[in-house]
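Asker: One structure, pasted below without further comment.
Values in this text are rule-based calculations from the coordinates and carry no lab data. These figures come from a predicted structure and were not determined experimentally. Glycine gets a Cβ as well: all are built from the backbone with ideal geometry, and neighbour counts include every protein chain shown.
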Amino acid sequence: MSSLNITVIGGGAAGFFGAITAAETFPGSTVTILEKNRTVLNKVRISGGGRCNVTHACFDNRQLIKHYPRGDKSLRSLLTQFDAAATVRWFEDRGVPLKTEADGRMFPTSNTSDTIVDCLLTTARRLGIQVRTSCGVSTLSRSNSPTQQAGWTLNLLSEETLQTDRVLVATGGYPQLSAYGWLPEQTEPVLSPVPSLFTFNVPDSHLLPLAGVSVQDAKVSIVGTKQEQRGPLLLTHWGFSGPAILRLSAWAARDLANVQYRFTLRINWVPTLNDQQLRNTLQDFRQQNGRKQVVSQNPLGLPTRLWQALTAEAGISDMQRWADLPAKPLNRLSERLTNSPFQVVGKSTFKDEFVTCGGIDFDSLHPQTLESKAHKGLFFAGEVLDVDGITGGFNFQSAWTTGYVAGKHIGL
């Protein structure tokens, strides 16, 4: 079929990629993007501090999927059609080379997200894709028109009605289950959405005055679960952030939602040492630096202000010398270094990045096309699906991949 009307609901990364792929694959078709906001590609513009973390330099798909708390198995088969290497080639072929930073994140060499936005907009215009903004959809239902196969009727918030042959839903994640109510009846099962990628609020933390201090390697865990992560940790004026916390929030998203974000966080500030190694390190330092003050001599390479806060919490005075340090406060210090408990009360959104755990169940879609099993001609892509990754370009990669796959098959 070469003269289809294809409508994409959602003008984000997945929506644009799906629309562009559909227009290139089925050149005789009319492709339209409907975006409820006044501007498109908003998340692309603000991500990565305005630089757009396009993807991650992980070109082994078996390793790549390990960065997705949910949707990893389904995504692995989809990556055979369009993976991170394909993403790099796609943008480079359109005059947008990418660069890899030390942590594996990939950005446009221009260092601005405008380059990515302009590339997608320019490509869409060249292909004749119509982009309509301030154009929200209130309901989506089967068309009663006898002339349309697998046709759809879209009722817009403006009370306008549109008819189309194929629909790609790429609206992004919704914060509440009720927000999926505009989809057709008896549609795909929706796994209840909850937030992912957030920071922890610890209003009673004695470390709040240390906002801005960071530790390059800490282990964080949630008491009562098997959830733990290790990596850089940032102290904030509301609690804790940084890659280790964000990864923990992603993997434990459902567990934390179930306890209303009230739980005990444990932090090991020196995860490279076990308990005995830590005690030996402290004892050796004590013997060699006996005359020096504990608060001013840190044998573990921790930030000075953090070391001082931990020693104070262990009951060690400012004038206490290593040689005169009794066993009890030394044991308390060891405990604080390896097992600091904090009572988390709530969460905060990480910058402007809002990611949801949950969405359309992959099992309700054809695994190689992302077409609904229940509704022919209805496709899904992007964060509206039950797939989400940790920070580092992984969520954009799933948007490019699922958008490509849906767009490649939507006209068949």
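Asker: Quantify how much of the Cα-Cα distance distribution of the range 102-167 extends past 14 Å, in percent.
Answerer: Looking at the range 102-167, the distances longer than 14 Å represent 72 percent of pairs.
Asker: Okay, next question. I want to check the label-to-label distance for residue 281 and residue 93. Put each point 7 Å from Cα in the C-beta direction and report it in nm to one decimal.
Answerer: So the two model labels end up 5.0 nm from each other.
Asker: Across the chain, what fraction of all alpha-carbon pairs, as a whole percent, falls in each successive 10 Å bin from zero upward?
Answerer: Final binned percentages: 5, 21, 26, 20, 13, 8, 5, 2, 0, 0.
Asker: Compute the acute angle (0 to 90°) between the alpha-carbon long axis of helix 275-288 and the principal axis of greatest extent of the alpha-carbon atoms of the chain; round to the nearest 10°.
Answerer: Once rounded, the angle reads 40 degrees.
Asker: What length, rounded to one decimal in nm, is gained on full extension from residue 72 through to residue 211, with 0.36 nm per residue of separation minus their alpha-carbon distance?
Answerer: Net length gain for the segment: 46.6 nm.
Asker: Given charges of +1 on the Cβ of Lys and Arg and -1 on the Cβ of Asp and Glu, with all other atoms neutral, how large is the dipole of the chain about its Cα centre, in debye to the nearest 20?
Answerer: 840 debye
Asker: I would also like to ask the following. Can you pull the Rg over Rh of the range 254-326, Cα-only, Kirkwood?
Answerer: 1.12
Asker: So how much slack lies between residue 102 and residue 179, counting 0.36 nm per residue of separation and subtracting their Cα-Cα distance, in nm?
Answerer: 23.8 nm
Asker: Here's a follow-up. Nearest 0.05, what FRET efficiency do residue 39 and residue 258 give at R0 = 56 Å with Cβ-Cβ as r?
Answerer: 0.95
Asker: Compute the length gained on full extension between residue 339 and residue 361: take 0.36 nm times their separation in residues and subtract their Cα-Cα distance, giving the result in nm to one decimal.
Answerer: Net length gain for the segment: 4.1 nm.
Asker: Taking the alpha carbon gyration tensor of the range 282-372, what are the square roots of 5 times its eigenvalues, largest first, to the nearest whole Å?
Answerer: Working from the Cα gyration tensor, I get semi-axes of 50, 14, 12 Å.
Asker: Explain nothing, just compute: Karplus ³J(HN,Hα) = 6.51 cos²θ - 1.76 cosθ + 1.60, θ = phi - 60°, for every residue of the range 301-315 in order, whole Hz, x for Gly and Pro.
Answerer: x, 6, x, 4, 5, 5, 4, 5, 5, 6, 5, 5, 5, 7, x
Asker: Counting only pairs 8 or more places apart or on different chains, how many lysine pairs in the chain have C-alpha atoms closer than 26 Å?
Answerer: 27
Asker: If R0 is 60 Å, what FRET efficiency do you get for residue 132 and residue 266 from their C-beta distance, rounded to 0.05?
Answerer: 0.75
Asker: Cα axis of helix 327-338 to longest principal axis of the chain: angle in degrees, 0 to 90, nearest 10?
Answerer: Compared with the principal axis, the helix lies near 10 degrees.
Asker: Next up: What would the Debye formula give as log10 I(q)/I(0) at q = 0.15, 0.17, 0.25, 0.30 Å⁻¹ for the alpha-carbon point model of the range 222-262, no solvent?
Answerer: Debye intensities relative to I(0), on a log10 scale: -0.35, -0.45, -0.91, -1.11.
Asker: Relative to the longest principal axis of the C-alpha atoms of the chain, give the angle of the C-alpha long axis of helix 114-126, reported between 0 and 90° and rounded to the nearest 10°.
Answerer: Computed tilt is about 10 degrees.
Asker: Hey, another quick one. Using only the alpha carbons, work out the radius of gyration and Dmax of the range 198-349 in angstrom.
Answerer: Rg and Dmax of the range 198-349, Cα atoms, are 15.9, 51 Å.
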